[in-house]
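The values are calculated or read from the model by the stated rules, or taken from the named source; none is laboratory data. All values derive from a computational prediction rather than experimental measurement. Cβ placement follows ideal geometry from the backbone for every residue including glycine, while neighbour counts extend to all protein chains displayed.
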Amino acid sequence: MPELYPLLLLPEFRERVWGTRDLSLLYPHKSARRPDGKFEEPIGEVWLTGDDCRVANGALAGQTLADLTARFGREFLGDAVTDSSRFPLLLKFLFPKEKLSVQVHPDDEGARAIGQPCGKTECWYVLAAEPGAQIALGLRPGVTREEVAAGIQETRLEPLMNWLELKPGEMIYVDAGTLHAIGPGAILLETQQNCDTTYRLYDYGRGRELHIREGLGALKERTAAGKVTRVAGGNGTQKLISAPHFVVEKSVVREAKNFESSGKSVQVLVALDGCGVIEVDGMLPVTIAKGECAVVPAAVKQYRIQPQWALEVIRAMVPAEKMPVPETCPN
């Protein structure tokens, strides 16, 4: 069996009706015209750690995350992961050019009731936001499930929701059961439980399937969702969020920096800007650049990042111990 090592993953570009043809902030090559002169289809999501994302480097090149999870189990994922048969975190970039649907995700209990392994609690880190870019997060105070149902029927759901303006650098927590929508004009990095169960309650007349009964059943009138209170950091690293299902940090690496792992969790690294090299003693180095994602197996206890120039990098992992929901503010 080959030894585990830091894995560079190939992203999956996914077409969405609400997506954009301009990915130049992170992927300049995806914004060019094709040889026939036509633009590519709009891309809404770029999946970085989907089950079908493939390894680009080393002896395990061509293997998917699902393949490696089945093959290596906890050696790959770590002891903090509750389900060793599935990669725990799905990270993806969102590029909304139009409004997404108004939607809700089930919690763990609701997901298991329909045969899914887990629910979907998520968070969004705001990479960029145009003036006036907004999200809807939860319901306005006093709004009930019955009023939501009536708002869907009468096409007046948006006024019942709590709309927030976005600013670059903010972190948004969206626990399962929160009614939400994402507007145009922002680019987000989403970290979530590895579940893609979505119930659409309203879709702006696009003709896609709605899931009103299921969505109303999953909806919670009050949740912990909101903008996460900033936590002070040091040595170039800021903890963006600590939550029951994930911990997300951001580092700006300007000189060689060591990172430690307790072996409790696999770590996901996403380069937001710049370029750097992941080094582990006795293993081949792995270069990671803007828009790319690398996975450091739990079996790799220590590594360092050598920046080629300043590297801005997100690091996501499963918490090593039980965590409370984060402190948030609703606006």
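Below, the figures for the structure above:
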| item | result |
| --- | --- |
| Residue in segment 219-231 that is over 19 Å from ARG145 (Cβ atoms), part of a loop (DSSP other than H, G, I, E, B), out of contact with any helix residue (DSSP H, G or I) (no Cβ under 7 Å at 6 or more places or on another chain) and among the charged types (D, E, K, R) present | yes |
| Odd one out for ARG71 among (1) modelled with pLDDT of 95 or more; (2) surrounded by 15 or more Cβ atoms within 10 Å (Cβ to Cβ) | (2) |
| Selected residue (criterion: surrounded by the most Cβ atoms within 10 Å (Cβ to Cβ)) from residues of segment 290-325 that are in a loop (DSSP other than H, G, I, E, B) and among the β-branched types (Val, Ile, Thr) | VAL318 |
| Which numbered condition LYS92 misses (of (1) in a loop (DSSP other than H, G, I, E, B); (2) under 16 Å from ASP196 (Cβ atoms)) | (1) |
| Some residue of segment 192-209 being closer than 22 Å to VAL174 by Cα, in a loop (DSSP other than H, G, I, E, B), at pLDDT 95 or above and not assigned by TED's automatic domain parsing to the domain that holds ARG145 | no |
| Options THR287, THR229, THR328: the member that is of a type in the set (Val, Ile, Thr), surrounded by fewer than 15 Cβ atoms within 10 Å (Cβ to Cβ) and in contact (Cβ under 8 Å) with a residue 24 or more places away in the chain | THR229 |
| Residue among ILE182, ILE187, ILE172, ILE212 that is outside the structural domain of VAL266 (by TED's automatic domain parsing), aliphatic (A, V, I, L, M) and in contact with a helix residue (DSSP H, G or I) (Cβ under 8 Å, 6 or more places away or on another chain) | ILE212 |
